[in-house]
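A.B. asks: Mind looking over this structure? Questions follow.
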Amino acid sequence: MNDKVLSPTNHAEPVVFTRDQLDWLPWLSPLAETELTQRHMTALVDAARAKSPYFRLLARDPEVLEARTRTDKDIFYNPDAGLPRAERELAAAATSRFNGCIYCASVHARFAATYSRRSEDVDRLLALGVGADLDRRWNAIVAASVALTSTPIAFGVQHVDALRAAGLDDASIVDVINAASFFNWANRLMLSLGEPAASGAASAG
């Protein structure tokens, strides 16, 4: 496998958190769309993801990508019970804000704002950070997400009690934990493989 490190140039790298649509530029060569086999397409789960250089890069290990994507979709798209979609996205956005992942924060802040219709609160989180005062329920979700993100052992009974006091049942608390934990890992992966860029930047690969 002839991986090469890329040095994206001539693009504006965002330096503030935003809900704007951003691009992402990989530092290693992703597979070209023409190189994707049926095994790669199965691993992508959603065929539209073949347009993304991020997912085409992860497709170099299709078994891991498929497990990752099915986990992602179950955490964020499974509506059977638990936390509303907006608050699963809030947990991901708060985790990404704390970790400094501008790209992931932009994606999940957009979803959180869209599903909650609380764009001003989402923007406050992005602008002020995870200490922003949102409301009791959202503060509890953000605090739990940040504790898990900083170091999992920092998450404790006090966070569970605060989530329950804010109205979350056990299934909803599990959703907070899953969303924050997944993106604590996903942020680190994305931050180590490339960089965000203003929308319209030329994507490598």
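A.B. asks: Quickly run through the stretch 57-70 and pick out the residues that are surrounded by 14 or more Cβ atoms within 10 Å (Cβ to Cβ) and assigned to a helix (DSSP H, G or I).
C.D. replies: L57, L58, P62, L65, E66, R68, T69
A.B. asks: Next question. Every residue in the stretch 135-166 that is buried (at least 21 other Cβ atoms within 10 Å of the Cβ) and under 12 Å from A94 (Cα atoms), please.
C.D. replies: W138, A140, I141, V142, A144, S145, V146, L148, T149, listed by residue number.
A.B. asks: Restricting to the stretch 122-134, name every residue that is of a type outside the set (D, E, K, R) and surrounded by 15 or more Cβ atoms within 10 Å (Cβ to Cβ).
C.D. replies: Answer for the stretch 122-134, where residues must be of a type outside the set (D, E, K, R) and surrounded by 15 or more Cβ atoms within 10 Å (Cβ to Cβ): V122, L125, L126, V130, A132, L134.
A.B. asks: Where the second residue is assigned to a loop (DSSP other than H, G, I, E, B) and hydrophobic (A, V, I, L, M, F, W, C) and the first is touching a residue at least 40 places away in the same chain (Cβ under 8 Å) and lies in the stretch 53-66, which pairs have Cβ atoms under 6 Å and are six or more apart or on separate chains?
C.D. replies: Final answer for the pair search is R56/L31.
A.B. asks: Tally the residues that are out of contact with any helix residue (DSSP H, G or I) (no Cβ under 8 Å at 6 or more places or on another chain) and either in a helix (DSSP H, G or I) or surrounded by 21 or more Cβ atoms within 10 Å (Cβ to Cβ) (or both), restricting the search to the stretch 167-178.
C.D. replies: 3
A.B. asks: When both residues are 6+ apart or on different chains and their Cβ atoms are under 9 Å apart, which pairs have a first residue that lies in the stretch 127-146 and is basic (K, R), and a second that is open to solvent by 50 Å² or more (accessible area, probe 1.4 Å) and not in a helix (DSSP H, G or I)?
C.D. replies: Short answer, once both residue conditions are applied: R136/G167; R137/G167.
A.B. asks: Here's a follow-up. Quick one: would you say S192 is of a type in the set (S, T, Y), free of Cβ contacts under 8 Å to residues at least 12 places away in the same chain and open to solvent by 20 Å² or more (accessible area, probe 1.4 Å)?
C.D. replies: Against the criterion (of a type in the set (S, T, Y), free of Cβ contacts under 8 Å to residues at least 12 places away in the same chain and open to solvent by 20 Å² or more (accessible area, probe 1.4 Å)), S192 qualifies.
A.B. asks: Got a sec? Which of R49, R88 is more than 30 Å from N139 (Cβ to Cβ), in a helix (DSSP H, G or I) and either basic (K, R) or free of Cβ contacts under 8 Å to residues at least 12 places away in the same chain (or both)?
C.D. replies: Of the residues listed, the single one that is more than 30 Å from N139 (Cβ to Cβ), in a helix (DSSP H, G or I) and either basic (K, R) or free of Cβ contacts under 8 Å to residues at least 12 places away in the same chain (or both) is R49.
A.B. asks: State whether one or more residues within the stretch 77-96 are out of contact with any helix residue (DSSP H, G or I) (no Cβ under 6 Å at 6 or more places or on another chain), open to solvent by 30 Å² or more (accessible area, probe 1.4 Å) and small (G, A, S).
C.D. replies: Looking through the stretch 77-96, none of the residues is out of contact with any helix residue (DSSP H, G or I) (no Cβ under 6 Å at 6 or more places or on another chain), open to solvent by 30 Å² or more (accessible area, probe 1.4 Å) and small (G, A, S).
A.B. asks: Note down all Cβ pairs under 9 Å where the first residue falls in the stretch 6-23 and is at negative phi, the second is at pLDDT below 70 and surrounded by fewer than 13 Cβ atoms within 10 Å (Cβ to Cβ), and they're at least six residues apart or on different chains.
C.D. replies: From the stretch 6-23, the pairs are P8/A202; H11/G200; H11/A202; D23/G200; D23/A202.
A.B. asks: How many residues does the stretch 111-140 hold that are closer than 18 Å to Q21 by Cα and either modelled with pLDDT under 95 or not basic (K, R) (or both)?
C.D. replies: 12
To keep it simple, each residue is scored yes or no on (1) closer than 28 Å to D133 by Cβ; (2) in contact with a His (Cβ under 8 Å, 6 or more places away or on another chain); (3) part of a loop (DSSP other than H, G, I, E, B); (4) open to solvent by 40 Å² or more (accessible area, probe 1.4 Å).
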position: L25; (1), (2), (3), (4): no, yes, no, no
position: Y54; (1), (2), (3), (4): no, no, no, no
position: S106; (1), (2), (3), (4): yes, no, no, no
position: A112; (1), (2), (3), (4): yes, no, no, no
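A.B. asks: Could I ask something else about it? For the stretch 72-94, does any single residue satisfy the condition of being of a type in the set (S, T, N, Q) and modelled with pLDDT of 95 or more?
C.D. replies: Scanning the stretch 72-94, I find no residue that is of a type in the set (S, T, N, Q) and modelled with pLDDT of 95 or more, so the answer is no.
The values are calculated or read from the model by the stated rules, or taken from the named source; none is laboratory data. This one's a predicted model, so the numbers in the text were calculated from it and none came from an experiment. In this analysis, Cβ positions are derived from the backbone assuming ideal geometry, glycine residues included, and neighbour counts consider all displayed protein chains. The accessibility values were calculated without ligands, DNA or RNA, using every heavy atom of the protein model including side chains. Shrake-Rupley method; radii C 1.70, N 1.55, O 1.52, S 1.80 Å.
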